[in-house]
Amino acid sequence: MTKLLINLFAKGDPKDPAIRRRIGCLGSMTGIVMNIVLFCGKLLAGVIAGSISVMADAFNNLSDAGSSLITLVGFRVAGRPADREHPFGHGRMEYVSGLIISFVILMMGFELGKSSVSKIIHPEDMVLSRLALVILIVSVAAKLWMFLFNRKLGKYINSQTLRATALDSLTDSVATCAVMISMLISVFTGLHTDGIAGLLVSLFIVYTGVEAFRGSVTPLLGARPDSELVERIYERVMSYPEIVGVHDLMVHDYGVGRTIVSLHAEVPVTMDFGEAHELIDIIEDDLKSEYKCVATIHMDPVDNMDEETVALKEMCRKLVSDIDPKLTIHDFRMTKGTAHVNLLFDVVVPFGFGMTDGEVAERIRQKLKAVDEKYFAVVNVDKDMS
């Protein structure tokens, strides 16, 4: 069914921004229609059965319809091209729409929680209705289909928003099952569990809202790039035999399909400057074509022919690794003075490391001094951005 809908409304390359926008709109429109139908059905079932938990579940579907509407607007705005005020495009609007959705979900959860607490304090008898049960069973089946539908769409276009929508649909089906069980318990045992079930559903809605908030705010703040993408870019650049090393690789996310990649590529110091410049241009075009990104590469000339420089670089690499295997070095250079041999290099320190940047640099200087008093380390500390 999902494949048929994709072929009918959005057939094409999922990396194409226009196709991505159509698929996002397809998922959103489907969510709006389905959730409005489910809201009407569950509201009717709740009124018939006199159940606050069923009505709470109905309003959860109404909030989902509103969320789908916001997602629809988000995808349409995110698909707009770059302009003077937004030179990197509008791709992050998809994350903003997800943030708005999370606040809507949270407000709905709190309101339903208040109603459920009131029902616990002032319980009322429920009426078993076959129509209400049928509506709830159909609702569970519909939400499970929406989970599979949105999960497949989210995977197809790599959309965090649609993945979150899929998860929300799955949690909705679980919540509705809990409501049905509560209704049956209340009818057959006389225990007033309706308010408790409604409160549990509201807490579940709040939890979903918090998770949606986290999933949307992280890329807006600047999330760590996908490790597989970083590895593929690294391997792609290193596949060129002239490239000696790669470091300071950063991925800037301005929305899916709007990525900026920057890195430093090491080339032999003996390489002709014009040839090296042409090579860097070729690699930038290659990355742009393969990963649909804007690539900027800084060229670092390194001396990989001088035996003394190579030997000292390896010594420093091992010395730094002995402090902690997570530490790495790059941009190694050597300059000889009258009394000292200056060893200049950058050391990459991961976030959350057990030592401060200053302590790391001082520890390296001390270890080099212990090897030979003439070695003087000029250490620049970098953070691991990949």
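The values are calculated or read from the model by the stated rules, or taken from the named source; none is laboratory data. What you are looking at is a predicted structure, and each value in this text was computed from that prediction instead of being measured. Cβ atoms come from the backbone with ideal geometry, glycine included; neighbour counts cover every protein chain shown.
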Can you name every residue in the range 101-119 that is buried (at least 16 other Cβ atoms within 10 Å of the Cβ) and either farther than 14 Å from Leu199 by Cα or not assigned by TED's automatic domain parsing to the domain that holds Gly195 (or both)?
Ile101, Ser102, Val104, Ile105
Does the range 165-187 include one or more residues that are assigned to a helix (DSSP H, G or I), of a type outside the set (Lys, Arg), at pLDDT 85 or above and surrounded by 22 or more Cβ atoms within 10 Å (Cβ to Cβ)?
no
Select from the range 199-223 the residues that are out of contact with any helix residue (DSSP H, G or I) (no Cβ under 9 Å at 6 or more places or on another chain) and on the phi < 0 side of the Ramachandran plot and list them in ascending order.
Leu221, Ala223
Please work out which one of (1) aliphatic (A, V, I, L, M); (2) over 26 Å from Arg224 (Cβ atoms); (3) touching a Leu at 6+ places or on another chain (Cβ under 7 Å) is the condition Val341 fails and give its number.
(3)
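Select the helices (runs of 4 or more DSSP H) contained entirely in the range 194-305, then report the ones holding at least 1 residues which are in contact (Cβ under 8 Å) with a residue 60 or more places away in the chain, in the same structural domain as Gly91 (by TED's automatic domain parsing) and closer than 30 Å to Ile105 by Cα.
Per the criteria, 194-221.
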For Val294, are the conditions met, namely being of a type in the set (A, V, I, L, M) and within 28 Å of the chain's Cα centre (by Cα)?
yes
Taking the conditions exactly as written (surrounded by 15 or more Cβ atoms within 10 Å (Cβ to Cβ) and over 20 Å from Leu99 (Cβ atoms)), does Ile205 satisfy them or not?
no
Report yes if Val206 is modelled with pLDDT under 80, under 30 Å from Thr171 (Cα atoms) and out of contact with any strand residue (DSSP E or B) (no Cβ under 6 Å at 6 or more places or on another chain), otherwise no.
no
